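What follows is a single structure, written as structure tokens, with notes after it.
The values are calculated or read from the model by the stated rules, or taken from the named source; none is laboratory data. Just so you know, these numbers come straight off a predicted model, no measurement behind them. Note that we place each Cβ from the backbone using ideal geometry, even for glycine, and neighbour counts take in every protein chain shown.
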């Protein structure tokens, strides 16, 4: 009895291309290459044309202007600033009201307001002790306002800022993603989360340089690459599901005592190309997702009450699509099991 074998070898040009995908220096790996090979083998084994692969659209952040929260100004004017002699917070208010301060980036604005929140109480005590109660009351009012605005200030500097926006920017090419990812953005996200917890709890100390460095690392994070890779996987596996479903509509792969060679070949295709090539990449995506996205979710939860509607809408779309995309491997396994089930019953 002849043992069923996989379809014959590909042309030399195709074989060389496959080797290049495995070797550094051949232009970088393409994650979709394994998916292409797998779908082609399914198509050939089941004698069923593959449908066109349709990749889901990625959730795009709203325009930057829709993600910056407007904040009311305090009533501390120039004359009040000059009257704050003897207070360290006078310098902070001066920096904030300067032309540079008024044009400060969201992160620099946050750091200035944190400095104000930290220094103002001592100045309020000083003003009260020197019987400048009106000015003390004015400074106290400004302090309460900035406490109320702190979640919005943090949002503008983080989730609504340019670095977190860059985090979600998809790359032109995935290359060998997620093999080349770094732990530095993860550490930076965790450190920012720890700082935010302290700030919201009333501890306003901040390391300005460290915070800016952390934001620069966040900008290098791979949220956009992760979304693109998951969408890519979902699109290709859905095409495989459609192929399998169409083949089932033609009738069972195995019927009665007849066990076609395609049944054995299909198992080999699944083991070599799906389990051996696609699933390791899929598992890497799953690991990166569980490393990266919870760190973003922690900050979103901490600032939840003040998130702008545009961000909430994008967040909802993102989470809904992530839930759909991450279930793609499971749905594909179910589709494979449905095709092979008659062969198991008759085998």
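A few notes on this one:
- Yes/no for residue 111 being modelled with pLDDT of 95 or more, in a helix (DSSP H, G or I), crowded, with 16+ Cβ neighbours inside 10 Å and assigned by TED's automatic domain parsing to the domain that holds residue 207: yes
- Residue list for segment 239-262, restricted to those being buried (at least 17 other Cβ atoms within 10 Å of the Cβ), more than 36 Å from the chain's Cα centre (by Cα) and over 12 Å from residue 338 (Cα atoms): 262
- Filter pass, residue 219 being surrounded by fewer than 18 Cβ atoms within 10 Å (Cβ to Cβ), under 24 Å from residue 155 (Cβ atoms) and within 15 Å of the chain's Cα centre (by Cα): yes
- Long-range neighbours under 8 Å by Cβ, at least six apart or interchain, first residue free of Cβ contacts under 8 Å to residues at least 60 places away in the same chain within segment 166-180, second surrounded by 17 or more Cβ atoms within 10 Å (Cβ to Cβ) and not in a loop (DSSP other than H, G, I, E, B): 166/218; 169/224; 171/224; 171/225; 171/228
- Flag if residue 212 is closer than 30 Å to residue 104 by Cβ, assigned to a helix (DSSP H, G or I) and free of Cβ contacts under 8 Å to residues at least 60 places away in the same chain: no
- Within segment 125-149, being assigned to a loop (DSSP other than H, G, I, E, B) and closer than 15 Å to residue 113 by Cβ holds for no residue.
- Qualifying residue in segment 204-211 (condition: at pLDDT 95 or above, closer than 26 Å to residue 319 by Cβ and loosely packed, with under 15 Cβ neighbours inside 10 Å): no
- Residue 152 surrounded by 15 or more Cβ atoms within 10 Å (Cβ to Cβ), assigned by TED's automatic domain parsing to the domain that holds residue 295 and either at pLDDT 95 or above or within 17 Å of residue 112 (Cβ to Cβ) (or both): no
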